[in-house]
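Sharing a structure here in structure tokens format.
The values are calculated or read from the model by the stated rules, or taken from the named source; none is laboratory data. Keep in mind the model is a prediction, meaning the values are calculated, not measured. Cβ sites come from the backbone with ideal geometry, for glycine too, and all protein chains shown count toward neighbours.
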């Protein structure tokens, strides 16, 4: 028995060693980005093989703030994420509730249609969407990112799956007590699907924070851009300024990464729930 | 429950919204694909199937089809093999804290936007001057190379980058799937004398087929849509279009040359390919996607 235990440990050490090396490799690009952002451009040119900065400096961050409207990009990104996420949470749970708990004509057809819209890659419709946004006079406004995002088929699908698991008896009991459909939604359904709301929110926020295609299509002016698009424009305008580019990249990525590390339990729970479902 | 007024109040606006922003663009795009469409010109000639005929003889289009398929098949296969392996060895670890730690580390690249991390790779990993790849070549006594001027190597680099950026997702999903399989099955097989690899392949994998189908379909659907990293690594498609994929080709044709009619035909082709692949996968995996 004792011997067997020892063999087990050995095999764990091998795995841990392997995973540690693998994790270090995985982390290298991020670490390189952070280190480069704290180097001066001269330092980057001269000490090509050095990992750590010769002399730590926030020159790159200062340049990034001076030469580009980074603060504005932050505000734009945050605005889009907050409005779209809040809207999607409301619309997807409400529509999911109707699909999960109500009987009506054409339900099946509508739901299949909904699933079908999920299958269309956004690149397939990028030209018509670009033309439509222009027609709607939303081009080059933050509305071009917000309005089409207010309802998401994928989130409706997810919400429906979770709401279907809320026992019908709860809804019926509330109905007998005189609660209207909206009241049931608010005080029976929503409190029972809190984890689902969390994961829909996380997904939506992440997707919008990281989105590059839509801003690329719909925005033109520097001041209107969100962070990912701004970063690319910044990079093309300041090719030689590696320190500032990496400073901008770090500022874009670090908030999300820190939020993730702090809330990683909820992230992982939300993800796996949507996956296993 | 039944309440037609409430259902109508919720569904009518939502359906109208989805018709405008999700269904109509598909039809609109299909319509445009029959025209010589340029948003800046006042007259757009109807071409019929001319744009589709042009696809057949367009060399770049076929290169893009080939690259898209190579990218998806290689990257999805590699992704699933690597993530299953990582998920398996992580699930073997004895302490919960350790499992969480490694999963968190592997997931960090997924949190960051693809444009951002591609840019980090473009300079830090594959950069000609001081990129890690060239430094490794240097250690082996070889001269540095400009990887952006290579042909298949650039596509290979984009695949490796994509794996780096994306494996965290599937590791998390697979670890959950592996942990969802009851231990009794595994122990019973162990008593019957099955080794760890055998147990994994014949017991765990079939029992987590739902997770497996979900991951495979989502990853494939996702990889067909990859765009940002191609924009960063090879905005023009790379040397002799060696890293041109369909998404990038649609973008380039419509927004650099404003040939939106033809680009819409390419988009229709992409849609067809995605659709066919989804159908095949659906058949192969028997995934229950349908309405319950």
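One line per residue, one yes/no per condition, for (1) within 11 Å of chain B (Cβ to nearest Cβ); (2) free of Cβ contacts under 8 Å to residues at least 24 places away in the same chain; (3) surrounded by 17 or more Cβ atoms within 10 Å (Cβ to Cβ); (4) under 30 Å from residue A:95 (Cβ atoms):
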| residue | (1), (2), (3), (4) |
| --- | --- |
| A:188 | no, yes, yes, yes |
| A:198 | no, no, yes, yes |
| A:203 | no, no, yes, yes |
| A:209 | yes, no, yes, yes |
| A:215 | yes, no, yes, yes |
| A:232 | yes, yes, yes, no |
| A:239 | yes, yes, no, no |
| A:250 | yes, no, yes, no |
| A:258 | yes, yes, no, no |
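I'm trying to understand the selection: among the residues of segment B:226-244, which are part of a loop (DSSP other than H, G, I, E, B) and either under 23 Å from residue A:231 (Cα atoms) or in contact with a strand residue (DSSP E or B) (Cβ under 9 Å, 6 or more places away or on another chain) (or both)?
B:226, B:227, B:234, B:235, B:236, B:237, B:238, B:243, B:244
Give me the pairs: first residue in segment B:140-165 and without any contact (Cβ under 8 Å) to a residue 60 or more places away in the chain, second residue surrounded by fewer than 17 Cβ atoms within 10 Å (Cβ to Cβ), beta-carbon distance under 6 Å, and six or more apart or on different chains, which are they?
Once the first residue is without any contact (Cβ under 8 Å) to a residue 60 or more places away in the chain and sits in segment B:140-165, its partners that are surrounded by fewer than 17 Cβ atoms within 10 Å (Cβ to Cβ) give B:146/B:128.
Of everything in segment B:184-221, what is without any contact (Cβ under 8 Å) to a residue 24 or more places away in the chain and under 30 Å from residue A:126 (Cα atoms)? Give them in sequence order.
Answer for segment B:184-221, where residues must be without any contact (Cβ under 8 Å) to a residue 24 or more places away in the chain and under 30 Å from residue A:126 (Cα atoms): just B:218.
Any idea which of B:236, B:259 is modelled with pLDDT of 90 or more and over 18 Å from the mean Cα position of the chain (by Cα)?
B:259
Identify, please: which residue in segment A:115-131 is within 7 Å of another protein chain (Cβ to nearest Cβ) and more than 15 Å from residue A:211 (Cβ to Cβ) and is, among those, surrounded by the fewest Cβ atoms within 10 Å (Cβ to Cβ)?
In this case the residue turns out to be A:119.
Of the residues B:220, B:272, which single one is away from chain A (no Cβ under 11 Å), assigned to a helix (DSSP H, G or I) and closer than 26 Å to residue B:29 by Cα?
Only one candidate passes the filter, namely B:220.
Report the residue count in segment B:190-200 for those that are surrounded by 12 or more Cβ atoms within 10 Å (Cβ to Cβ) and either in contact with a strand residue (DSSP E or B) (Cβ under 8 Å, 6 or more places away or on another chain) or assigned to a helix (DSSP H, G or I) (or both).
Summing the residues that are surrounded by 12 or more Cβ atoms within 10 Å (Cβ to Cβ) and either in contact with a strand residue (DSSP E or B) (Cβ under 8 Å, 6 or more places away or on another chain) or assigned to a helix (DSSP H, G or I) (or both) in segment B:190-200 gives 5.
Filtering segment B:85-105 down to residues that are within 7 Å of chain A (Cβ to nearest Cβ) and not in a helix (DSSP H, G or I), which residue is farthest from residue A:20 (Cα to Cα)?
Of everything passing the filter in segment B:85-105, B:94 is farthest from residue A:20 (Cα to Cα).
Just to check your reading of the model, which residue among A:265, A:269 is in a helix (DSSP H, G or I), farther than 30 Å from residue A:102 by Cβ and within 12 Å of chain B (Cβ to nearest Cβ)?
Being in a helix (DSSP H, G or I), farther than 30 Å from residue A:102 by Cβ and within 12 Å of chain B (Cβ to nearest Cβ) holds for just one of A:265, A:269, which is A:265.
If residue A:137 satisfies all but one of (1) farther than 19 Å from residue A:90 by Cα; (2) at the interface with chain B (Cβ under 8 Å from one of its Cβ atoms), what's the number of the condition it fails?
Of (1) farther than 19 Å from residue A:90 by Cα; (2) at the interface with chain B (Cβ under 8 Å from one of its Cβ atoms), only one is false for residue A:137: (2).
Looking at segment B:1-69, what helices (runs of 4 or more DSSP H) fall wholly within it and have at least 3 residues that are facing chain A (nearest Cβ under 7 Å), over 30 Å from residue B:153 (Cβ atoms) and in contact with a helix residue (DSSP H, G or I) (Cβ under 8 Å, 6 or more places away or on another chain)?
Qualifying helices (runs of 4 or more DSSP H): B:4-18, B:24-32.
While we're here: Taking residue B:243, is it touching a residue at least 40 places away in the same chain (Cβ under 8 Å) and crowded, with 21+ Cβ neighbours inside 10 Å?
Spelling it out, residue B:243 is indeed touching a residue at least 40 places away in the same chain (Cβ under 8 Å) and crowded, with 21+ Cβ neighbours inside 10 Å.
So that you can scan it fast, the table gives a plain yes or no per residue for (1) over 30 Å from residue A:233 (Cβ atoms); (2) out of contact with any helix residue (DSSP H, G or I) (no Cβ under 8 Å at 6 or more places or on another chain); (3) within 14 Å of chain B (Cβ to nearest Cβ); (4) in contact (Cβ under 8 Å) with a residue 24 or more places away in the chain:
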| residue | (1), (2), (3), (4) |
| --- | --- |
| A:64 | no, no, yes, yes |
| A:72 | no, no, no, yes |
| A:80 | no, no, yes, yes |
| A:86 | no, yes, no, no |
| A:91 | yes, no, yes, yes |
| A:97 | yes, no, yes, yes |
